[in-house]
Amino acid sequence: MNILRRYQITAMPKTTKVKKKITKSKSKKIVKQKPKKISKSKQAPKGPIKISTTYVPKETEKYMCEKHKVYFRIKLQDWKKELIKANNEALYNGSMDDNVISADIVDQASSYTDKNVEMKAINRQIKLISEIDKALIRIKDDTYGYCLDTAEPIGLKRLMARPVAKYTIAAQENHEKNEKVHADD
């Protein structure tokens with residue numbers, strides 16, 4: 001019976017807390033357990049939040065509730081996939097044109113200019129992909145949707161227009177003014 005009781009005690013789930021009481025008699029140690037209480041706020045969510053494909057965040061909902069986070073995470077992930085696909089296609093198609101060498105100097109210059117413009121666009125998209133990754137991290141950290149300078153809500157309309165926005169409109173204007181001042185130096 002004691003052996004069976006020991007196995008039952010050690011096979012308890014991790015959500016229980018063990019308190020030991022030791023008696024100073026000649027008999028073996030007696031272990032009693034009290035279940036650990038779990039508060040509702042620390043419990044894991046029942047499952048992932050699911051939203052419909054036609055869902056649009058509303059001003060009447062609590063700002064940056066779970067539905068909003070799921071909506072923006074999906075929007076950012078889809079945008080990232082599109083950018084990666086477009087970059088891969090542009091790089092593949094651009095490498096196909098490398099084999100064509102024209103004897104005409106004007107055609108060569110035109111081709112070089114086109115490739116240069118295309119590479120700048122690809123570099124901009126790569127930077128945008130990096131911004132999307134940072135926004136996805138902010139969603140995980142529960143800082144998405146709030147200004148990095150003022151910690152004020154950015155606003156749903158701004159996030160719908162620019163999901164990678166990091167600042168409120170006023171803070172963004174200040175950043176742009178500072179960039180302009182430093183660029184003039």
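The values are calculated or read from the model by the stated rules, or taken from the named source; none is laboratory data. Quick caveat, the model's predicted, so the values are computed rather than measured. Here Cβ is always computed from backbone atoms with ideal geometry, including for glycine, and neighbour counts include all displayed protein chains.
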Open item on the list: Looking only at residues that are in contact with a helix residue (DSSP H, G or I) (Cβ under 7 Å, 6 or more places away or on another chain) and assigned to a helix (DSSP H, G or I) in segment 146-168, which one is farthest from Ile74 (Cα to Cα)?
Closed with: Arg158
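To keep it simple, each residue is scored yes or no on (1) assigned to a helix (DSSP H, G or I); (2) exposed (fewer than 10 other Cβ atoms within 10 Å of the Cβ); (3) among the small types (Gly, Ala, Ser); (4) under 17 Å from the mean Cα position of the chain (by Cα).
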site	(1), (2), (3), (4)
Ile49	no, no, no, yes
Tyr55	no, no, no, no
Thr60	no, yes, no, no
Met64	no, no, no, yes
Tyr71	yes, no, no, yes
Ile74	yes, no, no, yes
Lys80	yes, no, no, yes
Asn87	yes, no, no, no
Task: Selected residue [assigned to a helix (DSSP H, G or I), aliphatic (A, V, I, L, M) and touching a Cys at 6+ places or on another chain (Cβ under 7 Å)] from Ala109, Ala171 - done: Ala171
TODO: For Leu128, state whether it is in a helix (DSSP H, G or I), surrounded by 13 or more Cβ atoms within 10 Å (Cβ to Cβ) and at negative phi.
DONE: yes
Open item on the list: Return the pair list, or none, for Cβ contacts closer than 7 Å from residues in segment 61-74 that are under 19 Å from Ile132 (Cα atoms) to residues that are part of a helix (DSSP H, G or I) and not β-branched (Val, Ile, Thr), at least 6 apart or on different chains.
Closed with: Phe72/Leu159; Arg73/Leu136
Open item on the list: Anything in segment 131-145 that is in contact with a helix residue (DSSP H, G or I) (Cβ under 8 Å, 6 or more places away or on another chain) and at negative phi? List them, or say none.
Closed with: Ile132, Asp133, Ala135, Leu136, Ile139, Tyr144
Open item on the list: Exactly one of these conditions fails for Thr143: (1) crowded, with 17+ Cβ neighbours inside 10 Å; (2) outside any helix (DSSP H, G or I); (3) without any contact (Cβ under 8 Å) to a residue 12 or more places away in the chain. Give me its number.
Closed with: (1)
TODO: Determine if segment 105-127 includes at least one residue that is modelled with pLDDT of 90 or more and in contact with a Leu (Cβ under 6 Å, 6 or more places away or on another chain).
DONE: yes
